[in-house]
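K.L.:
Pasting in a structure now, in structure tokens, and then I'll have a few things to ask.
The values are calculated or read from the model by the stated rules, or taken from the named source; none is laboratory data. All of these numbers come straight from a predicted model, not from anything done at the bench. Here Cβ is always computed from backbone atoms with ideal geometry, including for glycine, and neighbour counts include all displayed protein chains. Surface areas here come from the heavy atoms of the whole protein model, side chains and all, with no ligands, DNA or RNA. Shrake-Rupley method; radii C 1.70, N 1.55, O 1.52, S 1.80 Å.
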Amino acid sequence: MVVARPSLANLVSLCLVHCGCAVTVVHTVAAARAQAPAAHAASIVDVDLEEGAGLGLLEGTRACARIALVHPRGIWSSFEAFARGADQVVAVPFTPDELVIRLRELLRRFGQALPLTRSQGLEGLEISLDERVVVGSRTIALSPALNSLLYFVCANRESALTLEQLRESVWGFGALTTRQTIERTVAELGRLIAARPAIPGGKVTVPDP
């Protein structure tokens, strides 16, 4: 079960395809509490959801493994997430391989072995945890930032992404994460996969904040 805002939940869900996971996504704390925890091998919770109310989902009787998604400038720290019951913490932004590796290792400790498929096809592209993309007959190496951007865009291909969403979920809020950096990286990704008419879902633009 993934409990997070839509754009982040979509990214997590796309990453978990590599593990062969069936994913239930909910966007509110109330909807998460209505789920039966025992039906899920793991809960992945954005602890800052609803102004920090998501942290409460880590508490209570343990029915499944718990991963907390924390934000460096968010309401709750990794320490607080562990103190409330998280078994693992993943900081946002994360790379796709980091999330997959942490989930697989956590569930292995809980006695559950997940498969691993390093690549997956999506609308004519083959995206990969190994920081490359296959476009037609071309295999293109990507930097970690470009691969994270590609996953985020593909995961949210039906949505118009904002500057804030891109900054938070791909780069973080560091001093070097300027609008120009984001626009330049988006343009670079577009050039690299120019064999397609556009990145899945249409042209990616960075609208005014």
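K.L.:
What are the residue pairs meeting all of these: first residue in the stretch 6-31, first residue under 14 Å from SER43 (Cβ atoms), second residue open to solvent by 50 Å² or more (accessible area, probe 1.4 Å) and assigned to a loop (DSSP other than H, G, I, E, B), Cβ atoms under 6 Å, and 6 or more apart or on different chains?
P.N.:
Between residues of the stretch 6-31 that are under 14 Å from SER43 (Cβ atoms) and residues that are open to solvent by 50 Å² or more (accessible area, probe 1.4 Å) and assigned to a loop (DSSP other than H, G, I, E, B), the close pairs are SER13/VAL23; LEU16/VAL23.
K.L.:
Out of everything in the stretch 141-170 that is in a loop (DSSP other than H, G, I, E, B) and touching a residue at least 60 places away in the same chain (Cβ under 8 Å), what residue ends up being surrounded by the most Cβ atoms within 10 Å (Cβ to Cβ)?
P.N.:
Ranking the candidates gives ASN156 first.
K.L.:
Does any residue of the stretch 95-103 turn out to be within 22 Å of LEU149 (Cα to Cα), of a type in the set (Val, Ile, Thr), open to solvent by less than 50 Å² (accessible area, probe 1.4 Å) and in contact with a Cys (Cβ under 7 Å, 6 or more places away or on another chain)? Spell out the reasoning first.
P.N.:
Going through the stretch 95-103, the residues within 22 Å of LEU149 (Cα to Cα) turn out to be 95-103.
Checking the rest, the ones that are also of a type in the set (Val, Ile, Thr) come to 95, 100-101.
Among the residues that remain, those that are also open to solvent by less than 50 Å² (accessible area, probe 1.4 Å) are: 95, 100.
Then keep just the ones that are in contact with a Cys (Cβ under 7 Å, 6 or more places away or on another chain); that gives 100.
Yes, the stretch 95-103 contains at least one residue that is within 22 Å of LEU149 (Cα to Cα), of a type in the set (Val, Ile, Thr), open to solvent by less than 50 Å² (accessible area, probe 1.4 Å) and in contact with a Cys (Cβ under 7 Å, 6 or more places away or on another chain).
K.L.:
Something else: With PRO72, PRO6 as the choices, which residue is in contact with a strand residue (DSSP E or B) (Cβ under 9 Å, 6 or more places away or on another chain), under 25 Å from VAL153 (Cα atoms), at pLDDT below 90 and surrounded by fewer than 17 Cβ atoms within 10 Å (Cβ to Cβ)?
P.N.:
PRO72
K.L.:
Still on this structure: From the list ARG138, ARG66, pick out the single residue that is farther than 19 Å from GLY172 by Cα, modelled with pLDDT of 90 or more and open to solvent by 10 Å² or more (accessible area, probe 1.4 Å).
P.N.:
Checking each option against the conditions leaves just ARG66.
K.L.:
If you don't mind, another one. Which condition number does VAL133 fail, the rest of (1) open to solvent by 50 Å² or more (accessible area, probe 1.4 Å); (2) not in a helix (DSSP H, G or I) being met?
P.N.:
Only one criterion is unmet by VAL133, namely (1).
K.L.:
If you don't mind, another one. Looking at the structure I just gave you, is THR177 of a type in the set (Val, Ile, Thr), farther than 20 Å from SER13 by Cα and within 19 Å of the chain's Cα centre (by Cα)? Working first, answer last.
P.N.:
Working: of a type in the set (Val, Ile, Thr): yes; farther than 20 Å from SER13 by Cα: yes; within 19 Å of the chain's Cα centre (by Cα): yes.
When the stated conditions are applied, THR177 passes them.
K.L.:
Looking at (1) surrounded by fewer than 19 Cβ atoms within 10 Å (Cβ to Cβ); (2) at pLDDT 90 or above; (3) out of contact with any Phe, Trp or Tyr (no Cβ under 9 Å at 6 or more places or on another chain), which one does ALA113 not meet, given that it meets all the others?
P.N.:
(2)
K.L.:
Kindly indicate whether any position in the stretch 45-62 is open to solvent by 20 Å² or more (accessible area, probe 1.4 Å) and under 21 Å from TRP171 (Cβ atoms).
P.N.:
The answer is yes; a qualifying residue exists.
K.L.:
If a residue has to be small (Gly, Ala, Ser) and at pLDDT 90 or above to count, how many in the stretch 141-167 make the cut?
P.N.:
Residues flagged as small (Gly, Ala, Ser) and at pLDDT 90 or above within the stretch 141-167 amount to 4.
K.L.:
Let me ask something else about it. Within the stretch 188-207, identify whether any single residue is modelled with pLDDT under 75, among the polar types (S, T, N, Q) and either within 21 Å of GLY124 (Cα to Cα) or outside any loop (DSSP other than H, G, I, E, B) (or both), and answer yes or no.
P.N.:
Yes: one or more hits.
K.L.:
I'd like the residue in the stretch 121-130 that is closer than 18 Å to SER143 by Cβ and not in a strand (DSSP E or B) and, out of all such residues, is least open to solvent (accessible area, probe 1.4 Å).
P.N.:
So the residue we want is LEU129.
K.L.:
Evaluate the following for GLU59: is it within 22 Å of GLY111 (Cα to Cα) and charged (D, E, K, R)?
P.N.:
yes
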